[in-house]
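Please treat every number below as a calculation from the coordinates, not as lab data. Remember, it's a predicted structure, so these values are computed and weren't measured experimentally. Positions of Cβ are backbone-derived with ideal geometry, glycine not excepted, and every protein chain shown enters the neighbour counts.
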Amino acid sequence: MKTVISFSLIPILFIALLWMTSCASSKTMAYDPAGTWNYSVTGTPNGTVDGTFVISKNGDAYAGELRSSQGNITLEDLTIEGQALKAVFDYSGTELTMNGMFEGDTFDGEVAAGYDSFDMTASRAN
């Protein structure tokens, strides 16, 4: 006995196939900022501070460190959700917060101490 596929099913099968391939291709990978970034913080009492910050990933958790000519500082309470970064660090006994957004290979944010805040920009070094 021969099985005959009705020509009316072909458009339905075609649409189903297109839908399945579009669903598979619409899944995007989560943004991963792990790597080394060249940063600049402007307007601080010490002038412009340049350096690198390094973000590493261990499982689902991130760790980070700011490096400059003034020394290395560990980022505490570092969270990265989507493309948003939040962290706290201690600089000479003062607690500072770092907030910003990654967009591709750039970062725009701020470092804040109390009521003062300073613009921070960065670009991915690797």
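Can you classify region 30-94 as rounded, prolate or oblate using the Cα gyration tensor, where a ≥ b ≥ c are the square roots of its eigenvalues, rounded means a/c under 1.5, and otherwise it's prolate if a/b beats b/c and oblate if not?
prolate
Evaluate E = 1/(1 + (r/R0)^6) for residue 32 and residue 69, where r is the Cβ-Cβ distance and R0 equals 25 Å; express this FRET efficiency to the nearest 0.05.
Efficiency, from the Cβ-Cβ distance: 0.30.
When the dipole is taken about the Cα centre of region 35-124, and only Lys, Arg (+1) and Asp, Glu (-1) are charged at their Cβ, what size is it in debye, to the nearest 20?
The calculation lands at about 240 debye.
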